[in-house]
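As structure tokens, the structure follows; a few thoughts come after it.
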Amino acid sequence: MFYRLLTFGARALEVEPAPPQRRSPRHWLWRLFIRPAPPQAGPAGRLFDLFLDWLARKLEVPEEERRGYWGMRLFLPAAFGEAGRPTLSAMLARAWERLQMLVPQIDHIALGEWLESAADARWLQARAVKVLVLLACAVLFWLGVTTPLNWGSQLVFGFALILAAIQIRNTSGMVPTLTLIALALLASCRYGWWRLTQSMDLEPGWETILGYVLLGAEIYAWLIMLLGFAQCAWPLRRPPMPLPEDVGAWPTVDIYVPTYNEPLSVLRPTVLAAKGIDWPADKVRIYLLDDGRRDGVRQFAQEAGVEYIARADNAHAKAGNLNHALNRTRGEFIAIFDCDHLAVRSFLQTTMGWMLRDPRCAMIQTPHHFFSPDPFERNLDTFRRIPNEGSLFYGLVQDGNDFWNSTFFCGSCAVLRRGPLLEIGGVAVETVTEDAHTALKLHRRGYKTAYLNITQAAGLATESLAQHVSQRIRWARGMAQIFRLDNPLIGRGLSWMQRLCYSNAMLHFFYGIPRLVFLTAPLAYLYFQLHIIRSSAAIFALYLLPHLVLPHITTARMQGAYRHSFWAEVYETVLAWYISLPTTFAFFRPSAGKFNVTVKGGLVTRTHFDWSISRPYFGLVLLNGIGLVIGIMRLFFWNSFEAGTVAMNLVWTMFNLLILGAAIGVAHERRQTRAFQRVTTHLPVVLLMGDGHTQRCFTENYSLTGLGVNVGEGLSLEPGELLHVAMESGDVEYAFPARVTSQRGVFVGVQFVDLDQAQLERLIQCTFGRADAWSRWHEQYASDLPLRGLQEIITLGLRGYVDLAQSTVRAVRVRLAQWRRPELAQPH
Amino acid sequence: MPTIALVSPCGGTGRSTLAAALATLAARSGVWGLAIECDPQNLLALHFGADGAPAHGLASRASRGQVWNTAALAASDGTLVLPFGVMEPPALVDWERRLVAEPDWLAARLDTLARPPEGWTFIDTPRAPSVLTRQAIRASDASLLVLRADGASMGMLDSALAMLSDTLALVVVNAYEPGRVLQSDVLSALYERLGDKLSPYPVHRDEAIPEAFARRMSPEDHATHAQVNHDLHGLLRWIQRQCRTMKEPRSGTNVL
């Protein structure tokens, strides 16, 4: 057992192989206890690693690609039960399977289909029947929510709900999803009713104040959950509409690429990709809208053959830029791309079908896909393994919005109709999220919007956590401004569901203060012994458990493919501190505050820990950590008479600490090794060697600066060797000069050599511009399983603390060295 | 039972190489593959690893009225090749004059061969226009026009297509170098002009082809991962699809 712990510990701390001169027991002891090796970094303890591998084989520990799971293994051994050794969880799983076999075998898919067809039965469509059913449901719901039960009955009720949900979860289709939503609402409202009526009998003073603060945060969370269910209950999944056969009937389109200060290296591929969009050449025009009035950009526009528009001032930032161009162009439709979004060639042909089919459709939006990792993915190393933050919004929420005709504009990768846009006075300038506000104004006028859930463009995610935070602050501020200035709940022109969908989008950004409340609420008891919930721990648990589990099951069912459980807490925690103040400020004084642009195209040049941005997390970790210690003392010594209460608060605190650990992990910026992110795709290419031989092979990844190819056995290339790489775009084959940079086994890296603009344009057509370039990105994510999200969070939380320890030690050593030898002080 | 004649108005376009390679592919895929040489150059057998130009063959036996079916050679992988044979120029001129009067001589002779229905027959022809080329075209289900991506091919394209106007004409570009701007321009122009009559698989230029020839190996054995092999596979499948879509037999009026 000790050896097992040691193995896991050492593997977790990633004791890597060391260069020969550092192999010593002292060194690996140092590595193990004082200073673990950085992950995927250089040398440490090869000997120790070999020893561990030998031990691991002897103990039949399964091979893991990722270390750092030892903590999770202690708590959740089920995750790695494939070794064949009987673990507790494996035995539990077998018992559950046997139980399930007692239940008659149900064909879940057939059941789902039957339910769908049954719901379409004619007698159910009669109005009287609908009203009757609605009344019956309302009465039952009211009964279910408000009937007081003693603890035994509540226990049974809770378990019955949970078991029913687990069983219903297996059936496919929309009807079970709606049933799960109903059950989740039942459990949550029951908890809410109990909370409001039974648990708020508090002592006057601090208890009341803090109690109501917590209640307010819970009401906010409940409201967001409710709106979320309504918004995403029925994703529309609109298919693309074909265009008319007569090409002469196709309308004219202007493509806007607004830019401010982004470098030309970011701008050039975007414009060249836009040039590659399939549309009659006389009916499309590309405009580069340069707010920076740069000569280099103007020259580039001239070389590339696109139009260049600059204005004298920079009023209203991007919105003003777009409006200025709106007055100077004539296309019936306007497609807008951010300066780093590379469009595929089929963008217009896929989206314009709906615009032509429905004259009232004023805007069609497509997803924003990122081919580079955002700070969460890069620093937590979850790129392409776990869905990222945007995946939920563009994968599910906008589709749900589409059903209620409340898709809103996201600023890029969309097509707008000129007429309605001019009718509302152009792009909205009153707030800093001009895109959502524009869509709101269009909806108020009665126009429709559409969402096409097919990725037709891809761009760069925010480069560092600091940039990410500033971008989200801008969105949060903008949404709060819209909520104040142009509240969707009041004012005319919107349907009820549109009001709710917009409100959800805006209220979502007020999560800062509630999240902070949730992160610190258990401390009220642990520090000051304030009972802000007047109830015994057992009763509270009985009501709380269904309220936690059932919405979790329901959201996992609805959005499992787009976001894993508990990740929302991580995203919110990272940003909570930073958006609390701006949103509150913007809510009360919407016109204050200036627009700050999100910088694109920067590069994290060295791995470092962003101390300044993670200060709030440290504060919270400190508070929670001390609370944990006090809690343990209370549990064993001071408050052992109310052990249940202490235990619940302790569990809550530990959960908060894990989330904060993941947040701290995000702050550990990892170095980006390549200026242009590589995309993993397998494309057939031909290597044309200098001696006349050709080799057919497949790319492992590509970017605009080079490729990684799998050349198969039998070919060896010298680094520095010049060759050509031929790639296809449609029927045409293009050859690009390149140089071999490295070869590892069958994998060869090549770098393109001196591509001129025409060649770069062709390269984009062969890679980023392919119509199917992003069509399969969904397939690489594993879908959400009930506890998978929890496992991920636990892993990342613990790893975040390990990273923090390493960074602290490193920083202390640097400081010590500087203190001892001032001449070594490096400028930061 | 597709019979394909490989024709070209220019010399050195690679008809023999392609005929040998395609017949090999057919044989190796499990169906029957036969390459027939109508070119007095008499080099086709060398592509299959023969030691020298064979003395006996189609022409040498046929002109003397002998049975020529038995002059075929078999390569080690089962591909069959019927070489032209050695023929003195006066005898050749004489024979060709006689062939002018019998335009379907080759077609009739091929009908006497016992060929399995799924097998392929490729006829290598001399540089067009020629009496033997015309014989081969009339004996085939389809004609594959082999071109290089250069100016000469563009210039001769119309006359070549006119020659193939009463048969199914397919076109393939051989020895293609995508790195050469002129070649890729010519290829684009050919696509525009010919549409789906041009093979979507241009056969790439590859040093492996002459190397394989020198080593008396098939290109597939010599350089397994070369793009050329992929092109040849694609070409064969494309020809098969094109032939299948044409319902009429070889003597029908299939226009371009």
Peptide A:686-696 - average C-beta neighbours from other chains (10 Å radius) = 6
Go through region A:240-253 residue by residue and turn each phi into a ³J(HN,Hα) via Karplus (6.51, -1.76, 1.60, θ = phi - 60°); whole Hz please, and just put x for glycine and proline.
-> x, 9, x, 7, x, 5, 7, 5, x, 7, 6, x, 8, 10
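Sort B:143-150, B:177-184, A:133-140, B:23-30 by packing, meaning the average of other beta carbons within 10 Å per residue, with the highest value first.
B:143-150, B:23-30, B:177-184, A:133-140
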Relative contact order, percent, chain A [alpha-carbon distance under 8 Å, six or more residues apart] | 13 percent
Please give the calculated 222 nm ellipticity per residue for chain B, where each DSSP H segment of at least 4 residues contributes -39500 (n - 2.57) and the sum is spread over every residue; nearest 500 deg cm²/dmol?
-> -13000 deg cm²/dmol
Enter the mean number of other protein chain beta carbons within 10 Å of the beta carbon of each residue in B:221-227, as an integer.
-> 5
Please give the net charge around B:ARG28, taking every other residue with its beta carbon less than 11 angstrom from that of B:ARG28, where Lys and Arg add +1 and Asp and Glu add -1.
-> -3
Place a label point 7 angstrom from the Cα of A:LEU785 along the Cα-to-Cβ direction, then list the residues of region A:137-179 whose backbone nitrogen is under 20 Å away.
-> A:163, A:165-172
Under 16 Å from a label point 7 Å along Cα→Cβ of A:ALA249: give me every residue in region A:322-358 with its amide N that close.
-> A:352-358
Once the in-chain neighbours fewer than 8 apart are removed, the aspartates and glutamates whose Cα is under 16 Å from A:LYS448 read A:ASP358, A:ASP399, A:ASP402, A:GLU423, A:ASP435
Computed, not fitted: 222 nm per-residue ellipticity of chain A from DSSP H runs ≥ 4 (each -39500 (n - 2.57)), nearest 500, equal to -16000 deg cm²/dmol
Label-point separation, A:ALA164 to A:VAL651 (7 Å along Cα→Cβ), nm | 2.3 nm
Could you compute the FRET efficiency for A:ASN261 and A:ALA119, with r as their C-beta to C-beta distance and R0 at 45 Å, rounded to 0.05?
-> 0.25
What is the packing order of peptides A:245-253, A:512-520, A:381-389, B:156-164, taking the mean over residues of other C-beta atoms within 10 Å and listing the highest first?
-> A:512-520, A:381-389, B:156-164, A:245-253
Spin-label point model (7 Å from Cα, Cβ direction): what's the B:VAL181 to A:SER495 distance in nm?
-> 5.7 nm
A:HIS682 to B:ALA91: FRET efficiency via 1/(1 + (r/R0)^6), r the Cβ-Cβ distance, R0 60 Å, to the nearest 0.05?
-> 0.55
Modelled FRET efficiency - R0 25 Å, B:ARG216 with A:ASP691, Cβ distances, 0.05 increments = 0.75
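Tell me the relative contact order for region B:4-69 as a rounded percent, counting alpha carbon contacts under 8 Å between residues six or more apart.
Averaging sequence separation for qualifying contacts and normalising by length gives 21 percent for region B:4-69.
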Once Lys and Arg are counted +1 and Asp and Glu -1 for all other residues with Cβ under 14 Å from that of A:MET355, the total becomes +4
Zone reached by a paramagnetic label modelled 7 Å from A:ARG360 Cα along Cα→Cβ, restricted to region A:406-438 with backbone N below 18 Å, covers A:406-408, A:417-421, A:423-424
Across the residues of A:719-732, average count of Cβ atoms on other protein chains within 10 Å?
-> 2
Using a cut-off of 17 Å between alpha-carbon atoms, which aspartates and glutamates can reach A:LYS275, once sequence neighbours fewer than 8 places away in the same chain are excluded?
-> A:ASP254, A:GLU303, A:GLU307, A:ASP338, A:ASP340, A:ASP756, A:GLU761
Note the full-extension length gain between B:HIS233 and B:VAL100 as 0.36 nm times their separation in residues minus their Cα-Cα distance, in nm to one decimal.
-> 44.3 nm
Given the Cα-Cα distance of A:LEU715 and A:GLU307 and 0.36 nm per residue of separation, how much length would full extension add, in nm?
-> 142.2 nm
In nm, to one decimal, how far is the B:GLN240 label point from the B:ALA53 one, both placed 7 Å along Cα→Cβ?
-> 3.5 nm
Based on the mean of other Cβ atoms within 10 Å per residue, sort peptides A:496-505, B:62-71, B:185-194 so the most packed one is first.
-> A:496-505, B:185-194, B:62-71
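We did not get these values from a lab; they are worked out from the coordinates using the rules stated. Bear in mind the structure is a predicted one, so any value in this text is a computation, not a measurement. All Cβ positions, even for glycine, are placed from backbone atoms using ideal geometry, and neighbour counts span all protein chains on display.
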